[in-house]
Amino acid sequence: MSTLRQDPTTRQWVILAPLRSDRPHEPPAAHRPEVPSFDALCPFCPGNEDQTPPEILREPADGPWQVRVVPNLYAALSGGGSIARSGASPFREMRGVGSHEVVIESPLHDARLDTMTQDQVGRVIDVWRRRCRDLLALPHIRAVVVFKNFGPLAGTSLVHPHSQVVGTPVFLPRLLRRLDVATRYYDENGICVYDDVIAAERSAGARVVDECGKFLAFEPFAAASPFETWIAPTFHQGSFHDLADEDVGDLACVLIRTLDALRRTCGDPDFNLVVYSAPTNGHEIVFHWHMKIIPRLSTQAGFEMGSAMSINTVPPEIAAAALRNTLAATAGNGKQRVGGNRRPEKRGAPTRNRARPRNESVTD
Ligand SMILES: [Zn+2]
């Protein structure tokens, strides 16, 4: 029998239906081709800097770059100016001001977050938070989204490791809903809902994946899709851009370990990573920034579109246990080398605790 669970941070319901994974079709296992560490035709590879728009930021500032930020050549939003609405009621529109940036995460064409050194992932995180700070200071920017699309099923075909930062001239509906739920929870209970959730997850332990310093990786109680994983600070912090220098290393550590565990457990899935953060003054008390990683192991279909309710075939307790076992097995084999530049296993290689779910969406 299936179970419905409500996400306390969004009040959205999710259907946990483990039996649906028995349906007889596997999700397509996308082939991850071997790539070289340098590709002369790649606009993000060193030596091809003139193929991108002029650079916004580089790290380090002098010498060969390790991380670069450039405007997206095909920007969804760009430029500054008025954010006034125009058009006669009921049809409103506005100019597409804002920013759309690409964070080139490494000079190496074949690098991946889960095999980079902790220092290098720390540089990427540092650049994300600096771009958030700078963009939110602009008068026409209302919110900033940091995200990463990894692999074709997640929406990218560019191999060179990169993420994106988008500054929008309007508040984001999805974030507004979270801020609203968090505000009401704070008013009713006098505490941040995420603080309550994180404390409860830590003490229960069944959905915890990993903990590095002050950061927890866990599967949320009402995970909307198989192996949906959250990373959040265990102390209260509303805005991602307020992340302190001394905490960047621990966040890099838990991010690397979590992505590594997902790769080894789920067969190197494509994934999306999104950072949710309080955008403006006043929400830092009620909101709590967190990262959400969604492996692309399933497809949203008609029921999800019609209901905004997901069906998840892998209970988060099962997913968390599989990820913990992978991390423990890796540590036991002496292979656990955060910051050691490990090479990724090829997709399809046998993995421990393989728990790759079948396609669960309501397609038929
Ligand atoms: Zn490249």
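The values are calculated or read from the model by the stated rules, or taken from the named source; none is laboratory data. Predicted, not measured: the structure shown is a model, and the values here were computed from it. Cβ: placed from backbone, ideal geometry, glycine included. Neighbour counts: every protein chain shown.
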* Residues that are out of contact with any strand residue (DSSP E or B) (no Cβ under 9 Å at 6 or more places or on another chain) and either free of Cβ contacts under 8 Å to residues at least 40 places away in the same chain or surrounded by 20 or more Cβ atoms within 10 Å (Cβ to Cβ) (or both), drawn from the stretch 192-217 -> 192, 193, 199, 200, 203, 204, 205, 212
* Structure fact -> Of the residues in the stretch 54-77 that are more than 16 Å from the ligand (Cβ to nearest atom) and surrounded by fewer than 14 Cβ atoms within 10 Å (Cβ to Cβ), the one that is farthest from residue 135 (Cα to Cα) is 63
* **Search result, residues across the stretch 159-181 that are assigned to a loop (DSSP other than H, G, I, E, B), more than 16 Å from the ligand (Cβ to nearest atom) and not aliphatic (A, V, I, L, M)** => 169, 171
* All but one of (1) surrounded by fewer than 22 Cβ atoms within 10 Å (Cβ to Cβ); (2) in a loop (DSSP other than H, G, I, E, B); (3) modelled with pLDDT of 95 or more hold for residue 223, so report the exception by its number. => (1)
* Hey, does the stretch 41-49 have a residue that's more than 15 Å from the ligand (Cβ to nearest atom) and among the aliphatic types (A, V, I, L, M)? -> no
* **So residue 124, is it surrounded by 14 or more Cβ atoms within 10 Å (Cβ to Cβ), out of contact with any helix residue (DSSP H, G or I) (no Cβ under 9 Å at 6 or more places or on another chain), of a type in the set (Val, Ile, Thr) and not in a loop (DSSP other than H, G, I, E, B)** => no
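Residue by residue, here is whether (1) among the aromatic types (Phe, Trp, Tyr); (2) surrounded by fewer than 24 Cβ atoms within 10 Å (Cβ to Cβ) holds:
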| position | (1), (2) |
| --- | --- |
| 227 | yes, no |
| 244 | no, yes |
| 258 | no, no |
| 261 | no, no |
| 305 | no, yes |
| 311 | no, yes |
* Out of curiosity, is residue 166 surrounded by 18 or more Cβ atoms within 10 Å (Cβ to Cβ) and not charged (D, E, K, R)? -> yes
* To do: Go over the candidates 41, 73, 77 one by one and state the one that is part of a loop (DSSP other than H, G, I, E, B), more than 24 Å from residue 261 (Cα to Cα) and in contact with a strand residue (DSSP E or B) (Cβ under 7 Å, 6 or more places away or on another chain).
  => 77
* Among the residues of the stretch 29-37, is there at least one that is at pLDDT 95 or above, within 16 Å of the ligand (Cβ to nearest atom) and of a type in the set (S, T, N, Q)? -> yes
* Asked: Does at least one position in the stretch 79-99 carry a residue that is modelled with pLDDT of 95 or more and within 16 Å of the ligand (Cβ to nearest atom)?
  -> no
* To do: Would you mention how many residues in the stretch 133-158 are within 16 Å of the ligand (Cβ to nearest atom) and surrounded by fewer than 19 Cβ atoms within 10 Å (Cβ to Cβ)?
  => 3
* To do: Keeping to the stretch 51-68, report how many residues are among the charged types (D, E, K, R) and in contact (Cβ under 8 Å) with a residue 24 or more places away in the chain.
  => 2
